[in-house]
Amino acid sequence: MKFGAAKSGAATPAQTDRGSPVGRRVVLGLLAAGVAGVLGGNEIQNGLARVLGPLGNHDPTGLIGLIPVGNTFRFYSVTRGAPRRDATNYRLTLSGLVDKPRSFTLDDLRSMPQTTLVRDFQCVTGWRVPEVRWSGVRLADLIDAVAPRTTATAVRFTSFDGTYTESLTLEQARRDDVLVALEMIDGPVTHDHGGPVRLYVAPMYGYKSLKWLDGIELTSEVVPGYWEERGYWIDAWVGESNGRDDDPT
């Protein structure tokens, strides 16, 4: 069994802010810096995280995500990042087995009732960021807004990176701790964290919390996501799946 991380991917060269591939010497240098950061404390670690975010999202090898930076986020991309979107061009489309398909702008999402959670973010590779503040629209509220049909039993998510996908059962998607997140930590979800809108599935490993969310489709059965197609678990409960024994978030 392979184990996953909170990864995501990219679109076409014309759409995306791709940059150059990350070279071996750069990775080795940053690895050394990461070790120094762990020894040097939070200030150095946080500085490294700001540097590694853009690099990690252009590194399909995943090597950047292995650099130790303490209790801060690692950044992954299954290809080489995603195009940047904002209030002028962002759309979240809800479709599939629904009676009222709809597209939401960023302003639409901001105007809906917001839920705030403080929860850990746990990657299946072992690292955890404790007590992250998340805020956004409950996924259940968006599902109700499009009137799901009785034949809908699952939800499929797509990313505007053009590659990454994820899925939940409809029962899982309706949990109060599953958000379409607009804010995290101390402000709006940044591009490197998967913004302007990402999924946050609090009780599951990070690969379920899809970055750069732009599509939600109700389906008749669970459609395996990007990493599930490569051997990862669909029901990725922290501490109860993927052969790990991490404490629940």
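The values are calculated or read from the model by the stated rules, or taken from the named source; none is laboratory data. In this text the structure is predicted, and so the values were computed from the model without any measurement. In this analysis, Cβ positions are derived from the backbone assuming ideal geometry, glycine residues included, and neighbour counts consider all displayed protein chains. Please note that ligands, DNA and RNA were not included when accessible areas were found on the heavy atoms of the full protein model with its side chains. Shrake-Rupley method; radii C 1.70, N 1.55, O 1.52, S 1.80 Å.
Search the structure for amide H atoms under 5 Å from the amide H of G239, placed 1.01 Å from N in the peptide plane, and list their residues when 5 or more places away or on another chain.
Here D246 satisfy the definition.
Between rounded, prolate and oblate, where does the range 92-249 land on the alpha carbon gyration tensor, with a ≥ b ≥ c its root eigenvalues, rounded for a/c under 1.5, else prolate if a/b exceeds b/c? Intermediate values should be presented prior to the final figure.
Values: a/c = 1.65, a/b = 1.17, b/c = 1.41.
Note, shape of the range 92-249 comes out oblate.
Under 1.5 on a/c is rounded, so check that first for the range 189-249, then, if it is not, pick prolate when a/b is larger than b/c and oblate when it is not; a ≥ b ≥ c are the square roots of the alpha carbon gyration tensor eigenvalues. Walk me through the numbers before you get to the answer.
Details: a/c = 2.08, a/b = 1.23, b/c = 1.68.
It comes out oblate by the Cα gyration axes.
Please give me, ordered by residue number, the GluC sites (Glu not before Pro) of the range 144-249 that lie in loop per DSSP and have at most 14 other Cβ atoms within 10 Å. Could the numbers behind the result be given before it?
On the way: sites: E166, E171, E183, E217, E221, E228, E229, E240; in loops: E221, E240.
Sparse-neighbourhood loop GluC sites (Glu not before Pro): E221, E240.
Heavy atoms of the protein only, probe of 1.4 Å, neighbouring chains included. What is the accessible area of D107 in Å², nearest 10?
90 Å²
For V124, which sequence-distant residues (separation of 5 or more, or a different chain) have an amide H within less than 5 Å of its own amide H, given hydrogens modelled in the peptide plane?
Hits under the 5 Å cutoff: A6, G206, Y207.
Protein chains only, probe 1.4 Å: how do D235, D176 rank by accessible area, largest first? Walk me through the numbers before you get to the answer.
Numbers: D235 70, D176 100 Å².
Largest accessible area first, the list is D176, D235.
Once amide H atoms are built 1.01 Å from N in the peptide plane, which residues 5 or more positions from T219, or in another chain, come under 5 Å H to H?
L97, T153, A154, V155, R156
In whole Hz, with x marking every Gly and Pro, tabulate ³J(HN,Hα) for the range 97-107 from phi via Karplus 6.51 cos²θ - 1.76 cosθ + 1.60, θ = phi - 60°.
Values, residue by residue: 7, 9, 8, 10, x, 7, 10, 10, 7, 5, 5 Hz.
Can you compute 3J(HN,Hα) from phi for each residue in the range 80-85, using the Karplus curve 6.51 cos²θ - 1.76 cosθ + 1.60 with θ = phi - 60°, rounded to whole Hz and x for Gly and Pro?
9, x, 8, x, 8, 10
In terms of the Cα gyration tensor, with a ≥ b ≥ c the square roots of its eigenvalues, is the range 90-133 rounded because a/c is under 1.5, prolate because a/b exceeds b/c, or oblate? If you can, show how the numbers build up before the last one.
Numbers: a/c = 3.14, a/b = 1.91, b/c = 1.65.
Here the range 90-133 falls in the prolate category.
Run the quick spin-label model on R175 and R230: label points 7 Å from Cα toward the beta carbon, then report their separation in nm to one decimal.
It works out to 2.3 nm between the two label points.
Enumerate the calculated ³J(HN,Hα) couplings along the range 150-164 in order (Karplus 6.51 cos²θ - 1.76 cosθ + 1.60, θ = phi - 60°), each rounded to whole Hz, writing x wherever the residue is Gly or Pro.
With the stated coefficients, the range 150-164 comes to 5, 7, 7, 10, 8, 9, 10, 10, 10, 10, 7, 6, x, 10, 7 Hz.
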